[in-house]
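Participant: Here you go, one structure.
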Amino acid sequence: MRPFYSTKTIPGIAVLIFLFVLSSSCHQAARQKSEKQPIKAPSSEQSFSKGKVYNRVKCISHPEYSYALYMPHGVKAGQPLPVIFFFDAHARGWLPVNKYRKIADRLGYLLVASNDSQNGQSGNRRNAIIYAFMADVEQRFPIDTNRIYTAGFSGGARIAAGIGLYNKGIAGVIGCAAGNPPTFQTGRTNYPVADLVGNKDFNYVEMLALESKMTASHQTHQLIEFDGKHEWPPENAMTRAFLFMETDAMRRKLCPVNHKLIDTLKITLEKERQETNVTRHPFARYKADKKLVVFLNGLAPVKTYLKEMEILRKRPLYKKQKAAFENLLLREQKTQQQLATAMGKKDLAWWKKETSQLYKASLSASTKEEQMMNRRLLNYLSLMSYLYTDANLKQGNPKGATKFLWIYRKVDPQNPEVYFMMAKQKAMLGAPEKDIIAWLKKSVDLGFDNTQRLNRFIETSGLPHSSVIKSIIDKVDKNRQKAQQF
């Protein structure tokens with residue numbers, strides 16, 4: 001059956017939980033679970049130091065689940081705080097909490113991120129994780145129940161969006177590198193959404209299409225672009241998303257108006273606006289005007305920007321630039337579809353020619369926009385070749401993965417996952433131990449940091465516990481520790 005979201009009125013934050021259900025029996029089981037009274041526990045706020053990241057906080061009622069936590073500096077004991085529940089596609093709760101703790105300090109947010117929610121889980125498991133995670137935070141920490149936000153990256157962004165779509169208690173959503181769950185077409189529109197996407201992200205077209213849909217539905221939203229690919233956005237881009245939630249909360253009287261923050265934000269956005277040449281780049285100027293309106297409407301005068309937007313819309317050059325941009329996105333979408341079809345049909349010789357052409361285009365295209373489009377197409381191929389490689393290896397068909405591994409390595413040569421998969425393929429093909437280890441070393445040298453996956457591979461492939469293997473394990477552990485340092 002088609003997945004289904006549901007809510008049930010129960011005490012505390014559990015009313016905010018959305019349920020992914022795959023059958024009517026699963027739906028009934030999930031409803032029964034949600035109706036149970038959460039176990040009350042004394043507030044343990046005092047046992048957590050402010051200004052310190054906790055990478056693993058076990059849920060009291062469900063210690064099999066945990067989350068990363070950051071309580072901001074400078075808040076009074078017992079002070080209700082706005083909270084952001086983060087969901088990472090790969091269960092890396094530590095990542096967003098560490099990455100954005102400085103923003104939390106500046107704006108006074110409690111950050112919490114699941115260590116268990118990730119791509120590929122069943123509906124029932126996802127329900128259990130979300131319920132335990134959000135209910136535990138509600139029980140243990142003083143939160144402002146009018147300012148509960150969800151945020152996520154990639155598949156985690158779809159989870160965060162799904163919660164916001166169908167739960168009135170969510171004050172806003174921050175989605176990174178992905179949009180709404182694909183199975184849902186309707187939902188709430190009376191809450192703010194800040195979406196972030198890198199200019200080299202293969203999901204760029206999807207995020208632009210989502211922005212158009214939100215504009216059509218009159219939803220308060222802002223698309224924030226940054227220089228990067230499919231990844232959690234940098235601190236400066238995420239700061240803009242936090243500020244979007246702040247200004248919306250002020251506008252809706254969910255928090256006091258901070259005039260200093262508004263003035264500072266207006267100066268920053270006005271500077272960006274002035275950097276766009278209104279004569280030569282009216283389309284870019286229009287977007288800068290629109291950004292000021294969306295952030296500041298109701299908090300500062302915006303008539304100047306609205307008036308200029310109306311004038312710009314009538315200019316032939318604006319219309320030409322807007323049409324060119326939209327046509328480029330349509331071309332990118334069409335090319336993605338063609339590449340997806342070719343993935344299973346075209347031989348390696350065809351792919352060698354195609355990837356070579358894409359590389360040349362990404363370097364020598366006549367406009368920056370076309371260069372970025374071709375860069376995104378290469379990143380799209382990285383995703384597709386990974387998926388085809390992974391599927392073949394899981395199906396016990398290592399030879400079938402050969403073409404896809406070649407494409408993967410060609411379009412994403414610095415990705416450690418490429419060489420980890422090559423090691424897996426070689427092991428399945430019965431290659432000499434030294435060849436397998438060589439690819440593992442290459443993966444680790446490029447930053448592979450998943451100790452659990454490495455240990456599982458070593459066990460299943462029968463590699464001996466030699467000094468060489470130990471050195472690889474140690475290096476992966478160091479990579480993991482380094483990745484967690486911000």
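Participant: Scanning for something over 19 Å from residue 427 (Cβ atoms) and either of a type in the set (A, V, I, L, M) or in contact with a helix residue (DSSP H, G or I) (Cβ under 9 Å, 6 or more places away or on another chain) (or both), does the stretch 450-473 turn up at least one residue?
Facilitator: no
Participant: Here is a further query. Taking the criterion of being surrounded by 14 or more Cβ atoms within 10 Å (Cβ to Cβ), in contact with a strand residue (DSSP E or B) (Cβ under 8 Å, 6 or more places away or on another chain), at pLDDT 95 or above and not small (Gly, Ala, Ser), would at least one residue in the stretch 332-345 satisfy it?
Facilitator: no
Participant: Checking residue 125 against (1) over 15 Å from the mean Cα position of the chain (by Cα); (2) modelled with pLDDT of 95 or more: exactly one of these is not met. Which one?
Facilitator: Status for residue 125: all satisfied but (2).
Participant: Here is a list: 485, 481. Which entry is surrounded by fewer than 16 Cβ atoms within 10 Å (Cβ to Cβ), at negative phi, within 28 Å of the chain's Cα centre (by Cα) and assigned to a helix (DSSP H, G or I)?
Facilitator: Exactly one residue qualifies, and that residue is 481.
Participant: Taking the options 127, 119, name whichever one is under 14 Å from residue 156 (Cα atoms), free of Cβ contacts under 8 Å to residues at least 40 places away in the same chain, in contact with a helix residue (DSSP H, G or I) (Cβ under 6 Å, 6 or more places away or on another chain) and assigned by TED's automatic domain parsing to the domain that holds residue 174.
Facilitator: 119
Participant: Going residue by residue through the stretch 186-194, is there one that turns out to be touching a residue at least 40 places away in the same chain (Cβ under 8 Å), crowded, with 23+ Cβ neighbours inside 10 Å and assigned to a strand (DSSP E or B)?
Facilitator: Yes, because at least one residue in the stretch 186-194 is touching a residue at least 40 places away in the same chain (Cβ under 8 Å), crowded, with 23+ Cβ neighbours inside 10 Å and assigned to a strand (DSSP E or B).
Participant: Also: I'd like the full set of residues that are out of contact with any Pro (no Cβ under 8 Å at 6 or more places or on another chain), of a type in the set (A, V, I, L, M, F, W, C) and either surrounded by fewer than 24 Cβ atoms within 10 Å (Cβ to Cβ) or farther than 12 Å from residue 130 by Cα (or both), limited to the stretch 146-162.
Facilitator: 157
Participant: Say we look at the stretch 450-466 and pick out the residues that are surrounded by fewer than 13 Cβ atoms within 10 Å (Cβ to Cβ) and either of a type in the set (Val, Ile, Thr) or closer than 17 Å to residue 432 by Cα (or both); which of these is modelled with the lowest pLDDT?
Facilitator: That would be 465.
Participant: Further, regarding this structure: Restricting attention to helices (runs of 4 or more DSSP H) lying wholly within the stretch 1-114, give those where 2 or more residues are at pLDDT 95 or above and within 19 Å of the chain's Cα centre (by Cα).
Facilitator: Ranges flagged: 94-99, 101-107.
Participant: Another one. Given the criterion under 26 Å from residue 484 (Cβ atoms) and buried (at least 17 other Cβ atoms within 10 Å of the Cβ), identify the matching residue among 440, 378, 393.
Facilitator: 440
Participant: Among the residues of the stretch 308-325, count how many are part of a helix (DSSP H, G or I) and either touching a residue at least 24 places away in the same chain (Cβ under 8 Å) or of a type in the set (Gly, Ala, Ser) (or both).
Facilitator: So the count comes out to 10.
Participant: Let me ask something additional. Name the pairs whose Cβ atoms lie under 6 Å apart, with the first residue in the stretch 158-170 and not assigned by TED's automatic domain parsing to the domain that holds residue 187, the second assigned to a helix (DSSP H, G or I), and 6 or more positions between them or separate chains?
Facilitator: So the pair list comes out empty.
The values are calculated or read from the model by the stated rules, or taken from the named source; none is laboratory data. Remember, it's a predicted structure, so these values are computed and weren't measured experimentally. Cβ: placed from backbone, ideal geometry, glycine included. Neighbour counts: every protein chain shown.
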